[in-house]
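Down below is the structure, laid out as structure tokens.
Just so it is clear, none of the values below were taken in a lab; they were calculated from the coordinates. Since the model is a prediction, treat every value here as computed from it, not as a measurement. Counting neighbours? That spans all protein chains shown, and the Cβs are built from the backbone with ideal geometry, glycine included.
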Amino acid sequence: MIFEDIYKAYWLKIFRLCMGYMNDRDSAKDLAQETFITVWQKLPDFRNESSIGTWVFRIASNHCLRQIEKQNRMPKTQLPAEIEDVIHHGNEDKMEFLYKCISELPESERIIISLELEDLKQAEIADITGISESNVRVKIHRIKEKLTKKFNNYEQ
Amino acid sequence: MNNNIDLKGLWNKQEADIPDTKELFEKINAYKKRSFGKIIFTNTLLILTSAFIIFIWYYYQPEMISSKLGIVLIILAMAIFVFVLNQTLPLLTKVDFDLDIRESLIQLFRYREKQIFLQTTMLNIYFILLSAGICLYMFEYALKMTFLLAAISYFTTLMWIAFNWFYLRPRQIKKQRAKTDELIIKLEMLNRQISENE
């Protein structure tokens, strides 16, 4: 498979995954680029054991998680989530609100929900994260509940 | 309570231009140059220092076995230092990004532990070899000095070594540990998130 084709087919998807993780366009772009650098380096070794999509998403997810090495002391997840909700009433676009909410979830949940919203099958998400399929289902359900709750608070 | 929020619809509203692949390949090249440069730098440093010490051996022609042994120990100390550095640097970038998240976390853990071990052990070996090397090397020249001068030379050198051993070394180790410990705590947190048993 030609690199340029993969790049064109997956750039936006990977960018969105990174946006969900970082909620910052510049960082997301950097992360997406790092992902494609790895894709470019590893493509000759790609063995078709999984679909190319799953493979690219795996690389991206690992790049996202590796951010913990670069980020500063205070993880976002330690912020009290409930207070955050109240502050952000107003004109904020719903799409932006969604990305903001996702970026405030625990790291692994950010990746799982982003993959789900990107329309990946639960089996693929299980393959990317190393979590069992049934557990993926449970986690997705819980994360969606959390997000819905936040949205309802936001819209009130 | 509205349970029918179209999360996927909202998610897909995020748009971005696809950057030109040219930009990406520029980054790839810069990255290649950088990692290559690092390896060249440390190894040149080793070769130059060793060459300098060998030059001392050749030029001053030490006669006693202690001086020669001292020189060998000093070179060995530096060789080990650079060797381990060459081993640990790639560890950080070598993680297989196409493993699943759980596996790559495990790999990251192993690398970090290995890194801590290498760093502390290496630092200790480096100091011991270097100190022993310097003391041995000095012996021949100290014999030629007056007793007072020899005592002063040894005292100053030993003080300097002690300062390094008791102050600089623990500080360096503590600094490295603080960095890796923090990371390991975060990794453990991630691992808990991923783990099945909730």
- 5 angstrom amide H check on A:Gly130, placed H, neighbours 5+ away: B:Ile101, B:Arg102
- Task: Please work out the C-alpha center-to-center distance from the stretch A:108-151 to the stretch B:1-16 and express it in whole Å.
- Result: 15
- Message: Whole percent per 5 Å bin, from 0 to the bin with the longest distance: what is P(r) over all C-alpha pairs of chain B?
- Response: 1, 6, 9, 11, 12, 12, 11, 9, 7, 6, 5, 4, 3, 2, 1, 1, 1, 0, 0
- Task: With the cut-off at 33 Å, report for the protein assembly as shown the share of all Cα pairs above it, as a whole percent.
- Result: 45
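Okay, helix-only estimate at 222 nm for the protein assembly as shown: each DSSP H run of n ≥ 4 adds -39500 (n - 2.57), divide by all residues, round to 500 deg cm²/dmol; what do you get?
Details: 14 runs with 273 residues, N = 354.
Value at 222 nm, helices only, nearest 500: -26500 deg cm²/dmol.
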- Note on the structure: For chain B, the longest principal axis of the Cα atoms and the Cα long axis of helix B:65-93 enclose an angle in degrees, to the nearest 10, of 0
- Message: Taking only the Cα atoms of the stretch B:11-67, how large is their convex hull per residue, in Å³?
- Response: 109
- Message: Loop by DSSP (not H, G, I, E, B), at most 13 other beta-carbon atoms within 10 Å: where is the longest site-free stretch of chain A for GluC sites (Glu not before Pro)?
- Response: A:93-156
- Message: Can you tell me which of A:Ile112, A:Ile52, A:Ile14 moves the most in a GNM of chain A? Springs connect C-alpha atoms under 10 Å apart.
- Response: A:Ile52
- Query: What's the Kirkwood radius of chain A in Å, using all Cα pairs?
  - Reply: 16.4
- Query: For chain A, modelled as a GNM with alpha-carbon contacts under 10 angstrom, which of A:Leu117, A:Leu17, A:Leu105 fluctuates the most?
  - Reply: A:Leu117
- Message: Between 0 and 90 degrees, rounded to the nearest ten: what's the tilt of helix A:52-65 against the longest Cα principal axis of chain A?
- Response: 50
- Message: Compute the angle between helix B:147-163 and the longest alpha-carbon principal axis of chain B, please, reported from 0 to 90 degrees and rounded to the nearest 10.
- Response: 10
- Query: Gaussian network model of chain B, Cα springs within a sub-10 Å range: biggest mean-square fluctuation belongs to which of B:Thr49, B:Thr180, B:Thr21?
  - Reply: B:Thr21
